[in-house]
Amino acid sequence: MGVVGNNKINKMFEVETGLIFWNIVSFLLLLFIMRKWALPPLLAAIKNREETIARAVLSAEESRKKSEELLLLHKKKMREAQDEALAITQRAKSDAEKIRSDMVLRAGKQANIIIDQSKFELAEEKNRILSAAKKEITEMALLAAGKVIGRNVSSADNRKIVEEFIK
């Protein structure tokens, strides 16, 4: 086994030019076929993929920019809405204060009207009571004068004298 084993090892290291030639021809033929028919579709697919990735990156960048713009716009609109809400609240407070002061003023005017009306009614009632009291006093004075004099003077004369006296 020693000679046969060595012989196999030696054959492994022998150079066979025919085999090398056909290997090189096969390789060059395969390389030519690959370059002619297989490589262009692969390169086109790679180029297409690169373009797709580039478009996706651009699209993502544009989307990011649009998102930032929308975010800024949203923030601006939120600030405007808050400002508007604050203005509405301030107007509502101002309107409420105005209404309150108008109501107080109106209530004061109504109170003054009621007071003036009450004063007028009191003055009328006072005059009516005084008139009634004068009439009664006149009647009593006439009766007293008639008893003192002992005779009855005409009613019209009596009234005239007493009214002049009371005034």
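Quick notes
- Qualifying residue in segment 69-91 (condition: free of Cβ contacts under 8 Å to residues at least 12 places away in the same chain, surrounded by 10 or more Cβ atoms within 10 Å (Cβ to Cβ), part of a loop (DSSP other than H, G, I, E, B) and acidic (Asp, Glu)): no
- Qualifying residue in segment 101-112 (condition: among the acidic types (Asp, Glu) and under 48 Å from the mean Cα position of the chain (by Cα)): yes
- Taken as a whole, the structure leaves Asn23 outside the set of residues that are loosely packed, with under 10 Cβ neighbours inside 10 Å and more than 57 Å from the chain's Cα centre (by Cα).
- Matching option when the condition is modelled with pLDDT of 95 or more and among the small types (Gly, Ala, Ser), among Ala132, Ala111, Ala81: Ala81
The values are calculated or read from the model by the stated rules, or taken from the named source; none is laboratory data. What you see is a predicted model; the values in this text were computed from it and never measured. We place every Cβ from the backbone using ideal geometry, glycine too, and count neighbours over all the protein chains shown.
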